[in-house]
Amino acid sequence: MSDRVHTLTPQDVLVRADALQRKLGGRFRDKIVESLYDEAERIARRAVHTRTDRHWDLDQRIDRLVTSPIFGMPLMLFILAVIFWVTIAGANYPSELLATGLFWFEARAVELFNAWGIPWWITGFLWHGVYRGLAWVVSVMLPPMAIFFPMFTILEDLGYLPRVAFNLDWLFKKAGAHGKQALTMAMGFGCNAAGVIATRTIDSPRERLIAILTNNFVPCNGRFPTLIMLATIFVAAAFPPALASLAAAGAVVAVVLLGALFTLLVSWGLSRTILKGEASAFTLELPPYRRPSVMRILYTSLIDRTLFVLWRAIIVAIPAGAVIWILANISVGGASLAQHTADFLNPLGVAIGLDGVILLAYVIAIPANEIVVPTILMMYLGTGMMIELEGFEQIRALLVDQHGWTLLTAVNLMLFSLLHNPCGTTIWTIWKETRSRKWTLVGALMPLGIGFLVTFLTATAVRAFGWI
Amino acid sequence: MENGWIWFLLAVGALLTGSLWVRLRPLARWHRWRALRERALFEDALKHLLTFEHSSRDATVESLAGSLRLSQKRLLRLIARMEAAGLLHSHGAALHLSSEGKQWALRVVRAHRLWERYLADEAGVPLGELHHAAERAEHRLTPEELDALDAHLGHPLRDPHGDPIPTATGAVTPLEALPLTDWPLDQPAQILHVEDEPEVIFKEIVAEDLRPGTRVWVLERRPEYLIISDGQVEHRLTPVVAANIHVAKAIEGPSQPAELVRLADLVEGEEAEVAALDPDCRGFSRRRLLDLGLTPGARVRVELSPAFGDPRAVRVRGSLIALRREQAAQVWVRGGSRSDGKSQHAGASQS
């Protein structure tokens, strides 16, 4: 006996294991899972007593309604529109209040600095540059986020989001993508970086990559202010005041739908070209509906999401504010650096229906898209600093009357806001998630290319037909 | 501003070239590319010799030249290098693998087949596109990566075409199967293997959607064609194509297909018991279905089938799970019946 043990070499063991494994057949994994379930069932039968549950009846009725072929999709659009409308209508007043407060504080601080005899450029850099950028971001972003995220978390908590994925799956299947991509898109409304991280729930590497690369087509919270402003100024203005905020919400929903369309088209294109492959297994659990818990919603939406996203925006807004101030206040040959760059970018901007200033704003806003609008306004005014928020009427006068914005500019800016490179954080997140330079580059440049192409086409078409 | 654009583009171009040169180190890349190409040549030659050895033919310089598409001069240099490395011996015109050469060749075959298995199971790459992807990947995988892949896939025995995958020690389980042309009439058979070369014939097999795991019956055999059935569709194959399909006695799956239906074919409100997962369903998707509780004996009930009937939601073990048609088609169930009224909830909740 001992002889046999001693003559066994590791090599023999491996060969023996190989032979034994081959006898097992391919299904031993099945047997393991089956026995686990049998055991679990046996325990559950002893310990759990089920009664006919009324709760389930209700669940089923709701499920039938929200996934019904007739009502499912319209209901989803309606809920989306309501969320945007509440966000737009509700954020207006607190935004103004915050802006007033923060800018009042700035004015006092500047007075104080002047009284102390501190040189103008220190005061300008600190307060008109860094602080003002910060104040803009906080006042523009905080109220919509504080409204949007809790509402979104409620939907999540209720268990509605998986039903959305369920309803939309046939579209994603046609595009060669995964149904859970709808969930990551939903996360993208809050923040594309968060959306990219959320793609971890997609198991197939190919479909996950598609979800990562297309997440940017969902306008994130940082881009909503731009969309909302444009919708308010150019769309809502055409409607009576009572309907204005509804029209604005409708326009934002339209942009979101366009983004979803691009997501599907690009997913379809990717899964037929560089990410070829069949749709993989799609399984999704539809959890039972639960009553949302208020404390948890407040915590996850305010602490985890709102403050997290805001903090990130603040971190990038500070250097961006500084850069804007420096560009606007260093003059070479009678014009500021900002002016030179904008002039330089102008031909390209005009070709796609925008202008040099807007493009420059997008370059400066690579770290954070939130500051696009303030940067544009600042450069139009030539104040050398970001301006204060003083009502949409004034902004409209500035853009339309003084700088020749047309409906084309507004539409193309909305399009470009939807279709351009992801912000710095998202690009960084794509790199962290894929660990691949190639895919990061594709993720950054593909949407930008599409953005240029689409805006160029609309601008050319509009000009060719002589509409503008 | 006109000149400004030109200077700007020139400066950007210069910067890009400079940074790319530093970043990508083209010289080092070129060397790596050369080494990889050399390895690919060696390995392709080894594979060719192994294929000939398996069919008990003598590989020659000519057959190798035809397979590798190399000029005479370069081919002779390659053979000399491989002989010096102790990978092959030449006896006159014939070339034979040395034992090291054979080990290496088996490792390449292992890499090829494991990679195909991975692409098919985990990435959902269609059967017809596996071969080309694996032809490239087989030369890049290191032995450590191979072992990790093997473990990750659960030490699969066969590749998606049904070819046996050599083990790390180089052991190969031979295929015990008959070509479809030799299979008796009206006996249920299971496809074990489809030959992926020559490509023209393989494409025809893929087009007929005949793949390893499919159960077939030979209905009629004539000198010019065979008619086979997979239970639903009848296929008409030329003997050349049929000879590239290898079958054995059906061992798995429903013995009486009439009794079982696919979960995908149940209508809303129908309830049934899971009989088995389709043997075709492997790798990740199989693990997923099992993990969700779709094990034999579990009660399932179709609860929602929304627009276009796809995906559908199925109640299993008390939870509601959405499945696409393709997944639902991989679950065989028995005893599909409509149950109405309150009792259906109780039935579902006890499972």
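Values in this text are rule-based calculations from the coordinates and carry no lab data. These figures come from a predicted structure and were not determined experimentally. Note that each Cβ is placed from the backbone with ideal geometry, even for glycine, and that neighbours are counted across all protein chains shown.
Peptide B:315-323 is shielded by partner chain Cβ atoms: per residue, an average of 6 of them sit within 10 Å of its Cβ. Projecting the Cα atoms of A:TRP136, A:VAL218, A:MET76 onto the dipole axis of the protein assembly as shown, where Lys and Arg carry +1 and Asp and Glu carry -1 at the beta carbon, places A:TRP136 farthest toward the positive end. Placing a pseudo-label 7 Å from each Cα along the Cα-to-Cβ vector at A:LEU448 and A:VAL294 gives an inter-label distance of 4.8 nm.
Let me have the relative contact order for chain A, percent, based on Cα pairs under 8 Å that are six or more residues apart. Spell out each step's value before the answer.
Numbers: 558 pairs, mean separation 82.3, N = 468.
Answer for chain A is 18 percent.
Could you rank the peptides A:154-161, A:171-178, B:314-321 by their average count of other C-beta atoms within 10 Å per residue, with the highest value first? Could the numbers behind the result be given before it?
Numbers: A:154-161: 17.4, A:171-178: 23.1, B:314-321: 21.1.
Output ranking for A:154-161, A:171-178, B:314-321: A:171-178, B:314-321, A:154-161.
Each label was represented as a point 7 Å from its Cα along the Cα-to-Cβ direction; for A:ILE303 and A:THR273 these points are 4.5 nm apart.
Across the cross-link table entries B:LYS73/B:LYS203; A:LYS180/A:LYS276; A:LYS23/B:LYS249, which are compared at the Cα atoms, the separations over 23 Å belong to B:LYS73/B:LYS203.
When the Cα gyration tensor is reduced to axis lengths a ≥ b ≥ c, the ratio a/c is 1.5 or higher for chain B, and with a/b not above b/c it is classed as oblate.
So if we plug the beta-carbon distance of B:ARG74 and A:ASP343 into 1/(1 + (r/R0)^6) with R0 = 41 Å, what FRET efficiency do we get, rounded to 0.05? Intermediate values should be presented prior to the final figure.
On the way: r = 59 Å, r/R0 = 1.43.
The formula returns an efficiency of 0.10 here.
Over the range B:178-249, Cα pairs under 8 Å with separation of 6+ residues give a relative contact order of 44 percent.
Per residue of A:39-51, other chain Cβ atoms within 10 Å of the residue Cβ number 2 on average.
Rounded to whole numbers, the Karplus 3J(HN,Hα) couplings from phi for the range A:456-466 are 4, 5, 5, 4, 5, 4, 4, 5, 5, 7, x Hz, using 6.51 cos²θ - 1.76 cosθ + 1.60 with θ = phi - 60°, and x at Gly and Pro.
From the Kirkwood radius over Cα pairs of the range A:392-468, Stokes-Einstein at 25 °C and 0.890 mPa s returns a whole-number translational diffusion coefficient of 170 µm²/s. Take each residue of peptide B:285-292, count the partner chain Cβ atoms within 10 Å of its Cβ, and average: the result is 5.
Would you mind calculating the gained length between A:THR460 and A:GLN402 on full extension (0.36 nm times residue separation, minus the Cα-Cα distance), in nm to one decimal?
Numbers: separation 58, 0.36 × 58 = 20.88 nm, distance 2.33 nm.
Using 0.36 nm per residue and subtracting the Cα-Cα distance, I get 18.6 nm.
Rg and Dmax over the alpha-carbon atoms of chain A stand at 27.3, 100 Å. Rounded to the nearest 20, the size of the Cβ-charge dipole of the range B:178-249 about its Cα centre is 240 debye, with Lys and Arg at +1 and Asp and Glu at -1.
Evaluate E = 1/(1 + (r/R0)^6) for B:THR51 and B:ILE227, where r is the Cβ-Cβ distance and R0 equals 22 Å; express this FRET efficiency to the nearest 0.05.
Working: r = 32 Å, r/R0 = 1.44.
Computed FRET efficiency for B:THR51 and B:ILE227: 0.10.
The distance linking the range A:42-119 with the range A:199-247 is 15 Å (Cα centroid to Cα centroid, whole angstrom).
Going by the alpha-carbon gyration tensor, a ≥ b ≥ c the square roots of its eigenvalues, is the range A:258-378 rounded (a/c under 1.5) or, if a/c is not under 1.5, prolate (a/b greater than b/c) versus oblate? The shape class here is oblate.
Note on the range B:28-71 and the range A:293-325: Cα centroid distance 59 Å, given to the nearest whole angstrom.
When each of A:MET229, A:MET378 is scored by the number of other beta-carbon atoms lying within 10 Å, the sequence from fewest to most is A:MET229, A:MET378. When peptides A:421-428, B:204-211 are ranked by their average number of other Cβ atoms within 10 Å per residue, the highest-first order is A:421-428, B:204-211. Label-to-label distance, A:LEU65 versus A:ALA89, with points set 7 angstrom from Cα along the beta-carbon direction: 2.1 nm. From least to most packed, judged by other beta carbons within 10 angstrom and beginning with the fewest, A:THR153, A:THR226 follow the order A:THR153, A:THR226.
Rounded if a/c is under 1.5, else prolate if a/b beats b/c, else oblate: with a ≥ b ≥ c from the C-alpha gyration tensor eigenvalues square-rooted, which is the range B:178-249? Please report the intermediate quantities before stating the final value.
Working: a/c = 1.42, a/b = 1.24, b/c = 1.15.
Since a/c stays below 1.5, the shape of the range B:178-249 is classed as rounded.
A simple rule links phi to the HN-Hα coupling: the Karplus curve 6.51 cos²θ - 1.76 cosθ + 1.60 with θ = phi - 60°, which for the range A:288-298 gives x, 5, 10, 6, x, 9, 4, 4, 5, 4, 4 Hz, with x for Gly and Pro.
Computed over Cα pairs, the Kirkwood radius of the protein assembly as shown leads via Stokes-Einstein (1.567 mPa s, 4 °C) to a diffusion coefficient of 41 µm² per second.
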